[in-house]
Amino acid sequence: MPDRPSLGISRRKQPRQARSSDLVAAILEAATQVLAEVGAERFTTARVAERAGVSIGSLYQYFPNKAAVLFELQSDEWRDTTALLAGILTDPETAPGERLRRAVHAFVRSECAEAAMRRALDEAAPAYRDAPEAAEPQLIGTQAFRDFLRAALPAVPEAELQVAGEIIAMTLGEVGERISEAVRTEAAVEVLAGALADMLCAYLDRLGGGDRAGAPS
């Protein structure tokens with residue numbers, strides 16, 4: 001059965017009962033498996049419904065098309081990564097520079113662990129990347145770094161913090177992806193993550209005038 005045409009990628013509705021939540025969870029788990037097995041080009045809602053053991057009509061109750069399913073998978077990945085980073089970056093007991101270093105290492109390890117699925121999602125991105133809804137989850141990640149910088153460097157002008165948050169998020173994303181693309185030993189990954197952390201922590205020090213970034217907030 002061909003996917004239903006639709007310009008939107010937002011869910012048609014949110015599950016309100018445990019049974020509905022279980023249905024959506026089963027669909028998304030099946031979608032993860034199908035995407036990993038057949039890739040973005042052969043990914044269809046019919047395959048997902050069959051794998052989940054639900055009717056195609058049940059799938060369409062929540063997702064208008066395959067782009068919506070793929071976007072949900074990507075959004076979940078973005079949310080999980082943002083939550084991971086935010087948990088580290090908001091630790092009040094740790095100096096800002098050390099928080100950033102830990103966040104870099106955690107992000108790179110996460111990228112390496114999920115490299116295969118991320119590549120599959122990257123291939124699927126053309127199905128949803130131009131939709132208005134696709135911009136918001138990515139901005140949340142950048143905002144996590146802006147919030148961190150705002151708390152760590154209160155004397156730095158807001159406009160500069162806005163740029164810095166975007167630069168850190170983009171650099172971490174691009175370099176982390178490149179590190180994860182090749183099969184590497186755990187030790188090699190840690191060395192590369194350490195080098196990336198050194199670079200971003202040096203940038204943090206420069207933003208803070210060389211002495212604010214290492215002091216507890």
query: Looking at 93, 77, which one is among the acidic types (Asp, Glu), part of a helix (DSSP H, G or I) and either under 17 Å from residue 127 (Cα atoms) or modelled with pLDDT of 90 or more (or both)?
result: 77
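Suppose the filter is open to solvent by 40 Å² or more (accessible area, probe 1.4 Å), modelled with pLDDT under 90 and either part of a helix (DSSP H, G or I) or under 21 Å from residue 81 (Cα atoms) (or both); does residue 190 pass it?
Judged against the criteria, residue 190 is not a match.
Residues checked against (1) open to solvent by less than 20 Å² (accessible area, probe 1.4 Å); (2) of a type outside the set (Gly, Ala, Ser); (3) modelled with pLDDT of 75 or more; (4) outside any helix (DSSP H, G or I):
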{"site": "121", "(1), (2), (3), (4)": "yes, yes, yes, no"}
{"site": "129", "(1), (2), (3), (4)": "no, yes, no, yes"}
{"site": "138", "(1), (2), (3), (4)": "no, yes, no, no"}
{"site": "147", "(1), (2), (3), (4)": "no, yes, yes, no"}
{"site": "151", "(1), (2), (3), (4)": "no, no, yes, no"}
{"site": "161", "(1), (2), (3), (4)": "yes, yes, yes, no"}
{"site": "175", "(1), (2), (3), (4)": "no, yes, yes, no"}
statement: If we keep only residues of the range 81-90 that are in a helix (DSSP H, G or I) and touching a residue at least 12 places away in the same chain (Cβ under 8 Å), then the residue most open to solvent (accessible area, probe 1.4 Å) is 84
field: Single match in 134, 106 (criterion: modelled with pLDDT of 80 or more and either of a type outside the set (Ser, Thr, Tyr) or over 17 Å from residue 201 (Cβ atoms) (or both))
entry: 106
- prompt: Can you name the number of the only condition in (1) in a helix (DSSP H, G or I); (2) under 23 Å from residue 177 (Cβ atoms) that residue 41 fails?
  reply: (1)
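The values are calculated or read from the model by the stated rules, or taken from the named source; none is laboratory data. Everything numeric here is computed off the predicted structure, so don't read it as measured data. All Cβ positions, glycine included, derive from the backbone under ideal geometry; neighbour counts span all protein chains shown. All accessible areas refer to the heavy atoms of the entire protein, side chains included, with ligands and DNA or RNA removed. Shrake-Rupley method; radii C 1.70, N 1.55, O 1.52, S 1.80 Å.
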